[in-house]
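Visitor: Got a structure for you, questions after.
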Amino acid sequence: MKSLELRIPPPLVLVAIAAAMWFISRVTPVLEVPTPYRKLVALVVAVAGGFISYRGVSAFRLAQTTPNPMKPDEATVLVSSGIYRFTRNPMYLGLLFILLAWSIFLAAPWVLLGPFAFVLFIGRFQIRPEEAALSRLFGADYADYKAKVRRWL
């Protein structure tokens with residue numbers, strides 16, 4: 001399965017899982033939740049996710065290092081300030097929030113498998129190889145950072 005490492009851009013993973021969630025919502029029972037409340041909560045969670053991801057990307061750009069998740073070996077700086085003080089993966093955390101918002105919007109309990117699948121896939125095929133690359137590039141500094149800041153929250 002090593003062949004999937006760093007091969008599929010995380011936004012594409014999000015789109016594929018969101019499409020699967022939509023299909024699941026069409027063939028499984030849906031909760032009866034008033035639409036205005038469901039939409040409002042989904043919107044708030046999605047906006048929070050977008051904001052978290054944006055903060056992650058902007059911190060990389062401010063540090064003048066690559067935000068490209070497919071090429072972690074090209075990182076020039078270990079970013080540990082801003083939102084990176086709270087989570088090592090704000091871009092993926094933001095995408096997870098967006099999938100959670102989609103789950104809320106769809107209101108079908110089985111679609112919660114989508115965010116779970118996202119965490120498993122991104123953890124194995126994106127985060128693990130990234131962490132290996134960052135360990136090679138930044139050594140003890142990255143080890144110290146990992147000891148202080150959680151992967152997700």
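The values are calculated or read from the model by the stated rules, or taken from the named source; none is laboratory data. Quick caveat: nothing in here was measured; it's all calculated off a predicted structure. Using ideal geometry, Cβ is built from the backbone for each residue, glycine included, and neighbour counts are taken over all protein chains shown. Protein only, heavy atoms only, side chains kept; ligands, DNA and RNA dropped before computing areas. Shrake-Rupley method; radii C 1.70, N 1.55, O 1.52, S 1.80 Å.
Visitor: Find the centroid of the Cα atoms in the range 70-113 and in the range 1-35, then give the distance between the two in whole Å.
Guide: Comparing the Cα centres of the range 70-113 and the range 1-35, I get a distance of 14 Å.
Visitor: Related question: Based on the Cα gyration tensor of the range 1-50, what are the three equivalent ellipsoid semi-axes, each the root of five times an eigenvalue, rounded to whole Å and given largest first?
Guide: Taking √(5λ) for each Cα gyration eigenvalue gives 28, 17, 6 Å.
Visitor: Looking at the range 37-93, which chymotrypsin sites (Phe, Trp or Tyr not before Pro) are in a loop (DSSP not H, G, I, E or B) and have at most 14 other Cβ atoms within 10 Å?
Guide: Hits after loop and neighbour filter: F86.
Visitor: If you rank E130, E32 by how much accessible surface each has, with a 1.4 Å probe, what is the order from largest down?
Guide: Listed by decreasing accessible area, they come as E32, E130.
Visitor: Quick check of the Kirkwood formula: for the range 30-153, what is the inverse mean of 1/r over all pairs of different Cα atoms, in Å?
Guide: Kirkwood hydrodynamic radius for the range 30-153: 15.5 Å.
Visitor: Ranked from the most accessible area to the least, with a 1.4 Å probe and all protein chains present, what is the order of T66, T76, T87, T35?
Guide: T76, T35, T66, T87
Visitor: Using Cα-Cα distances under 8 Å and only pairs 6 or more residues apart, what relative contact order does the chain have, in percent?
Guide: So the answer I get is 37 percent.
Visitor: Just the accessible area per residue of the range 16-100, please: how many Å² with a 1.4 Å probe?
Guide: Dividing the accessible area of the range 16-100 by its residue count gives 59 Å².
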